[in-house]
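This report concerns only the one structure given below.
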Amino acid sequence: MTSIVQRQQQPEAATALQALGVSPLMARLLAARGVSTASQLSVNLADLLPPQTLTNNNRMAKLLADAMNADKSLLVIGDYDADGATATAVAVKGLRALGAKVDFLVPNRFEYGYGLTPEIVALAATRNPDVIITVDNGIASVEGVAAANALGLQVLITDHHLPGQTTPAAACIINPNQHGCDFASKHLAGVGVIFYALLALRAELRERGTYSTTPEPNLTELLDLVALGTVADLVKLDGNNRILVEQGLRRIRAGVCSQGILALLRISGRQAQACNAQDLGFYVGPRLNAAGRLDDMSLGIRCLLADNPAQANIMAQQLQDLNAERRNIEADMQATANLSLDDINVAEQYSIAMYQADWHQGVIGILASRIKERYHRPVITFAQAGDGVLKGSGRSIAGLHLRDALDALSKQQPNLILKFGGHAMAAGLSIKLEDFDTFATGFEAVVRGLVDEADLQAVLEVDGSLSAVDMNFTTAQLLENQVWGQGFAPPLFYDEFTVLSQRLLADKHLKLTLQLSGDAQGSVLDAIYFNQVEFLSGSIQAAYQLQTNSYNGAQKVQLNLRHVAN
């Protein structure tokens, strides 16, 4: 059962925004999301938080500049998701533009797992680097950093994940979430952190006179990659992140961006000149992620780094094929999970932990997300990792900080979880196969101690009614061009409609014609209800997004139904 709750309105803030020239509808929506001043509306790069305010960033810049002046070899070690891939691409492109000698290495998740492990350090050492730079990982790599130090390798960590109790003995760490960092935004993605490192490095090189006779590299050329990684990693789109994403989208729309992003948009059927944040999150991000889930993320990174459109197109097609394979694997796993869940009284549980011997390690995170969406409970799914070890991927609900829950369980049963890490809403871990039942029982007990039944009730926040006057293509375009995302939810309206017609599309989606109840003009609207096969009654109450729909040259407005109450 889903509870519909109207997002709290802020009339005074909305009035203030209208006085600044914001339309009444947009003022209402932005005010309900905490925007009330002109500064919060800014998408200018000049209003980004200053790079020097990121703790240790000036020191990081000096160490990188020293390494470059000494002609040292730098090796970037990334992560195998979209944030890690974009962060690696930004590091490589940015450092090369600034004059560094740099290459990259990304762990294969099936062979090495996550982060700067001693095994990855040993592999990195074969490349003969002088300095290792981590992006989107490293804050928990105590053993890996120790291994690198033992080999005489300097380690510089750029990360955004939550730290553990012990901090790695790296030469320098920048991470807005590390202990003692007072950076005003705690929501930078990994790609955002390395971008900030490059800004500080350029400033340091400027002070050293590097650009006295040569032009400075334009680091804004990296913002398309920063936008992609920020959206794909589902970090909160606070004001600082919204600036990064908006500026990146502007570059994509102008076509002055990564050939890889353009190729991934084309193969997804999206138009670069109309690209929005949802296109990055739902089309480009998943195709990029497919490389790390099923194969090797170096393919995705090479696609993002490609200068030649033809080469980018070839790699984008490979990513497209991998994503199609991922979908097939996911569908099979979902079917298996559904059979198991049908035999469980989920309503009596506060959490779900599942394992199947044939589940794919690279897809369990998506599976956990799908199950969480259906049952609104914290979910952890496991797959075999070999040698009697299971790797798990978890997704959580708003009421439970997943990493903290795993930390609590590890303190209660110190030998149960081999390793873990993550965020409030997502985490990864490893346990022994023989300990799965013990883990499931222990996790359930911890969750019961941290949440109550009200937290297990799915809540859908809506923005109230949308007037018939605003149900037009111009309004839909205006809404789509605004940066929405995690923590800055896209508008979801709630109204009553009469169903005029409905039919199945591709045997899995409901295509409808609706009329807004009480609309004196009797305007008729197209609507789509994805993954819905049962026909609706004549009168419905629906939560929906207003979207544009361009087909065969015709531009129309369409309602994307997200929840329906008959």
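The values are calculated or read from the model by the stated rules, or taken from the named source; none is laboratory data. Nothing here was measured: the structure is a model prediction, and the numbers come from that model. Every residue, glycine among them, receives a Cβ derived from its backbone with ideal geometry; neighbour counts consider all protein chains shown.
Tabulated data
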item	result
Test for residue 210: is it modelled with pLDDT of 95 or more, over 30 Å from residue 422 (Cα atoms) and out of contact with any Leu (no Cβ under 6 Å at 6 or more places or on another chain)	yes
Selection count where residues are surrounded by 12 or more Cβ atoms within 10 Å (Cβ to Cβ), aliphatic (A, V, I, L, M) and either in contact with a Gly (Cβ under 6 Å, 6 or more places away or on another chain) or in a loop (DSSP other than H, G, I, E, B) (or both), scope the stretch 336-360	1
Subset of the stretch 259-300 [more than 19 Å from residue 249 (Cα to Cα), part of a helix (DSSP H, G or I) and in contact with a Phe, Trp or Tyr (Cβ under 9 Å, 6 or more places away or on another chain)]	289, 291, 292, 293, 298, 300
The stretch 66-105: number of residues that are under 21 Å from the mean Cα position of the chain (by Cα), over 15 Å from residue 291 (Cα atoms) and of a type in the set (Asp, Glu)	0
The stretch 217-229 residues that are outside any helix (DSSP H, G or I), paired with ones that are surrounded by 19 or more Cβ atoms within 10 Å (Cβ to Cβ) and not polar (S, T, N, Q) (beta carbon under 6 Å, 6 or more apart)	217/98
Sole residue being more than 22 Å from residue 375 (Cα to Cα), without any contact (Cβ under 8 Å) to a residue 60 or more places away in the chain and surrounded by fewer than 18 Cβ atoms within 10 Å (Cβ to Cβ), chosen from 534, 496	496
Test: residue 237 is crowded, with 21+ Cβ neighbours inside 10 Å and not in a loop (DSSP other than H, G, I, E, B)	no
Residue, surrounded by the most Cβ atoms within 10 Å (Cβ to Cβ), within the stretch 405-429, restricted to residues that are over 24 Å from residue 232 (Cβ atoms) and touching a Leu at 6+ places or on another chain (Cβ under 8 Å)	405
Residues satisfying the stated conditions in the stretch 325-346, i.e. farther than 15 Å from residue 373 by Cα and among the small types (Gly, Ala, Ser)	331, 335, 340
Matching residues in the stretch 396-440 - criterion: being in a helix (DSSP H, G or I), in contact with a helix residue (DSSP H, G or I) (Cβ under 9 Å, 6 or more places away or on another chain) and aromatic (Phe, Trp, Tyr)	439
Filtered residues of the stretch 248-259 (kept if within 20 Å of residue 307 (Cβ to Cβ) and in contact (Cβ under 8 Å) with a residue 60 or more places away in the chain)	258
Selection from the stretch 106-124 of residues that are hydrophobic (A, V, I, L, M, F, W, C) and in contact (Cβ under 8 Å) with a residue 60 or more places away in the chain	106, 110
Among residues of the stretch 1-58, those that are assigned to a helix (DSSP H, G or I), within 29 Å of residue 544 (Cα to Cα) and charged (D, E, K, R), counted	2
Among the residues listed as 485, 442, the single one being closer than 30 Å to residue 418 by Cβ and surrounded by 15 or more Cβ atoms within 10 Å (Cβ to Cβ)	442
Candidate set: the stretch 34-80, residues that are in contact with a Phe, Trp or Tyr (Cβ under 8 Å, 6 or more places away or on another chain), buried (at least 19 other Cβ atoms within 10 Å of the Cβ) and touching a residue at least 60 places away in the same chain (Cβ under 8 Å); chosen: the one nearest to residue 171 (Cα to Cα)	57
Where a residue in the stretch 463-479 is over 14 Å from residue 26 (Cβ atoms) and its partner, wherever it lies, is among the acidic types (Asp, Glu) and surrounded by fewer than 19 Cβ atoms within 10 Å (Cβ to Cβ), with Cβ under 8 Å and at least six apart	468/519
Residue in the stretch 532-550 that is within 30 Å of the chain's Cα centre (by Cα), at pLDDT below 95, assigned to a strand (DSSP E or B) and hydroxyl-bearing (Ser, Thr, Tyr) present	yes
